1. Taking the condition of being farther than 18 Å from I46 by Cβ and charged (D, E, K, R), how many residues in region 1-19 meet it?
2. For region 102-155, what are the residues that are modelled with pLDDT of 90 or more, assigned to a loop (DSSP other than H, G, I, E, B) and either among the β-branched types (V, I, T) or under 13 Å from the mean Cα position of the chain (by Cα) (or both)?
3. Kindly indicate which of A24, A42, A29 is at pLDDT below 95 and touching a helix residue (DSSP H, G or I) at 6+ places or on another chain (Cβ under 6 Å).
4. Within region 156-185, track down each residue that is aromatic (F, W, Y) and either under 18 Å from N15 (Cβ atoms) or part of a strand (DSSP E or B) (or both).
5. Working only within region 80-93, note down all residues that are touching a residue at least 24 places away in the same chain (Cβ under 8 Å), more than 16 Å from S37 (Cβ to Cβ) and outside any loop (DSSP other than H, G, I, E, B).
6. Output the number of the condition that R113 fails; it satisfies all remaining conditions of (1) surrounded by 22 or more Cβ atoms within 10 Å (Cβ to Cβ); (2) touching a helix residue (DSSP H, G or I) at 6+ places or on another chain (Cβ under 8 Å).
7. Which residue pairs have Cβ atoms under 9 Å apart, sit 6 or more places apart or on different chains, and have a first residue in region 131-148 that is of a type in the set (D, E) and a second that is surrounded by 11 or more Cβ atoms within 10 Å (Cβ to Cβ)?
8. Only one of L123, L153 is touching a residue at least 60 places away in the same chain (Cβ under 8 Å), of a type in the set (A, V, I, L, M, F, W, C) and within 21 Å of S11 (Cα to Cα). Can you tell me which?
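The values are calculated or read from the model by the stated rules, or taken from the named source; none is laboratory data. In this text, all values refer to a predicted model and were calculated from it rather than measured experimentally. Counting neighbours? That spans all protein chains shown, and the Cβs are built from the backbone with ideal geometry, glycine included.
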Amino acid sequence: MGKNILVITGSPRKNGNSEMLADAFIKGAQSAGHETSKFEAAFKKINGCLACDKCWSADRACAAGDEFSKAEPLLEKADMIVFAFPLYWFSFPAQIKAFIDKLYAYLKTDAKRPLKIKSSAMLIAAGDENISVLDGIKKSFGFISSYMKWDNLGTLEAIGINVEGEIKETDYLAKAEEFGKQIISN
């Protein structure tokens, strides 16, 4: 039986390079028998955590009631989460960071609907050709995965990709599809 994989995209550019990576990964995962969902965080109104500590006071994870609530059903049925985004200032774009901040609610001891996610991965499109620009984001994601108790299955790094559609001229889409195919069911 395959995994249920949730792919969170964070590019504000529709059909951008990182979204193409996500779609290629999804194609590979589906061909390997996994169920997939995609949540386009960049096109939702998701605010960062307000530190109100009122998680679960309504019938949702975040009391603030923004569009993060639309992701909750997908999160709660997922076995794996994959973040796909362009690298912004050596880190997550704000759209992904706000989504990650909201995961705090699921760490609370009174979480009404705990997550069953066991593994995670990242797909990153970076304009810079120096692979070391990804050092910080990879370290941060390693900490996030550890904190959430997810097995970090790794990162696909598409470097030197900046211009819209440029990724089509590389082998990164094939690599993303292969990454999706190689996800193992537990």
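1. Number satisfying all stated conditions: 1.
2. Matches in region 102-155: I117, W150.
3. A42
4. Scanning region 156-185 gives a single hit, Y172.
5. Of everything in region 80-93, those that are touching a residue at least 24 places away in the same chain (Cβ under 8 Å), more than 16 Å from S37 (Cβ to Cβ) and outside any loop (DSSP other than H, G, I, E, B) turn out to be F85, P86, S91.
6. Result: R113 fails condition (1) only.
7. Once the first residue is of a type in the set (D, E) and sits in region 131-148, its partners that are surrounded by 11 or more Cβ atoms within 10 Å (Cβ to Cβ) give D135/F90.
8. Sole residue among the options that is touching a residue at least 60 places away in the same chain (Cβ under 8 Å), of a type in the set (A, V, I, L, M, F, W, C) and within 21 Å of S11 (Cα to Cα): L123.
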